[in-house]
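The values are calculated or read from the model by the stated rules, or taken from the named source; none is laboratory data. Please read all numbers here as calculations on a predicted model, not as lab measurements. As a convention, Cβ positions derive from the backbone with ideal geometry for all residues, glycine included, and neighbour counts pool all protein chains shown. Note: areas computed on protein heavy atoms with side chains; ligands, DNA, RNA excluded. Shrake-Rupley method; radii C 1.70, N 1.55, O 1.52, S 1.80 Å.
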Amino acid sequence: SKKISIAIDGPAAAGKSTIAKMVAKSLNYTYIDTGAMYRCVAYYALLKNVDVTDEQAVSMLLKDIDIRMFPDGTIQLNREDVTSAIRENEVSMGASVVSQYGAVRSFLVEKQREMAQGGGVILDGRDIGTVVLKDAELKIYQVASIECRALRRHKENLQRGIDSDLAAIQEEIAMRDQQDMTRAISPLKKADDAIEIDTSDMTLEEVVARVMQLVEERI
Ligand code: C5P
C-alpha cells in the first residue's frame with residue numbers, strides 16, 4: 001500500500017499528539033511533533049535570557065539552534081535532552097509568542113518539509129494542512145471543548161505527578177488558542193479539505209479507529 005502524508009491540526013491540548021503517535025505506531029509511520037520544535041526555540045530564548053517578545057533577538061538565535069527528534073520521542077536541542085523541559089508552562093506560552101515570527105516559522109517549516117519527504121509521515125501542529133503539507137492525502141482538524149481539553153491535560157499532569165491547577169490550565173490553553181488563531185502568519189485554522197473530528201465525547205480508541213478508517217480509504 002502507498003505511504004501517505006497525514007496532517008493533524010487543531011487547538012492546544014486537543015489530544016493531537018496522542019492520536020498521532022498511536023496512528024503512526026499502527027501504520028509504522030514516522031510521527032513528527034512540530035509543536036516541540038516551536039517549544040525548542042522558546043526554550044532556547046529563555047535559556048539565553050532573550051526576551052521572547054523581541055522578534056529580532058529571537059530571530060538571531062536561530063542559527064545556533066539544532067533540533068533533533070528521535071523515533072522514541074526524545075527531543076534534543078544542541079545535543080541536550082530537552083524532552084520534558086520543553087513541556088513547562090512558561091515554554092508553552094513562549095512557543096506561542098515566538099511562533100508568530102516569520103523567521104522562526106520559515107526556519108522550522110523548512111525542516112518539517114525535509115523530515116516529511118517521501119511520505120509515511122504524520123505531523124501534528126497548527127499549520128500542517130494549510131501550509132507545511134498543503135498536499136497531504138489526509139488532513140484532520142481535531143477539536144474538543146475547552147473544558148474537555150483542560151480536564152484531560154489536568155488529569156495527565158496529576159498522573160505524571162506534576163502539580164496542576166485546572167483553572168490555570170484552562171486559562172493558558174484559551175490564551176494560546178486566541179494567540180495562535182489571530183496571528184498574521186499561518187494562523188491556526190481548518191484547511192478547506194480537512195476533516196473535522198470533535199473528540200469531546202469520544203474515547204481515544206474511537207478517535208484512532210476513525211482516523212484509521214480515513215487512512216484506509218486513502219492507501
Ligand atoms: O502543539 P504544541 O502545544 O506543543 O505547540 C506549542 C505552540 O507552538 C503552539 O501554541 C503554537 O503557537 C506553536 N505551533 C505553531 N505551529 C505548529 C505547531 C505549534 O505555531 N505547527
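Just name the residue that is farthest from Asp192 (Cα to Cα) out of those in region 145-164 that are out of contact with any helix residue (DSSP H, G or I) (no Cβ under 8 Å at 6 or more places or on another chain) and touching a residue at least 24 places away in the same chain (Cβ under 8 Å).
Here the residue is Arg152.
Residues Lys139, Lys155: which one is open to solvent by less than 30 Å² (accessible area, probe 1.4 Å), of a type in the set (D, E, K, R) and over 14 Å from Ala36 (Cα atoms)?
Lys139
Show me the helices (runs of 4 or more DSSP H) found entirely inside region 1-86 where at least 1 residues are under 22 Å from Lys189 (Cβ atoms), within 14 Å of the ligand (Cβ to nearest atom) and at pLDDT 95 or above.
In region 1-86, the matching helices (runs of 4 or more DSSP H) lie at 16-27, 34-47.
Give the residue that is nearest to Met175 (Cα to Cα), with candidates limited to residues of region 90-102 that are of a type outside the set (A, V, I, L, M) and either in contact with a strand residue (DSSP E or B) (Cβ under 7 Å, 6 or more places away or on another chain) or surrounded by 12 or more Cβ atoms within 10 Å (Cβ to Cβ) (or both).
Ser96
Inside region 161-201, can you point out the residues that are surrounded by fewer than 17 Cβ atoms within 10 Å (Cβ to Cβ), among the acidic types (Asp, Glu) and over 18 Å from Ala7 (Cβ atoms)?
Asp163, Asp165, Glu171, Asp201
I need the full set of residues from region 202-215 which are touching a strand residue (DSSP E or B) at 6+ places or on another chain (Cβ under 7 Å) and either open to solvent by 80 Å² or more (accessible area, probe 1.4 Å) or of a type in the set (Phe, Trp, Tyr) (or both), in order please.
Within region 202-215, the subset touching a strand residue (DSSP E or B) at 6+ places or on another chain (Cβ under 7 Å) is 207, 210-211, 214-215.
Scanning region 202-215 gives a single hit, Arg210.
Among the residues in region 190-204, are any away from the ligand (no atom under 14 Å from the Cβ), in contact (Cβ under 8 Å) with a residue 40 or more places away in the chain and assigned to a helix (DSSP H, G or I)?
Checked against the condition, which is being away from the ligand (no atom under 14 Å from the Cβ), in contact (Cβ under 8 Å) with a residue 40 or more places away in the chain and assigned to a helix (DSSP H, G or I), region 190-204 yields at least one hit.
Take the residues in region 111-131 that are of a type in the set (Asp, Glu) and within 13 Å of the ligand (Cβ to nearest atom), then tell me which one is surrounded by the most Cβ atoms within 10 Å (Cβ to Cβ).
Ranking the qualifying residues of region 111-131, first place goes to Asp124.
For region 205-219, give me each residue that is part of a loop (DSSP other than H, G, I, E, B) and either under 20 Å from Ala150 (Cβ atoms) or touching a Lys or Arg at 6+ places or on another chain (Cβ under 6 Å) (or both).
Ile219
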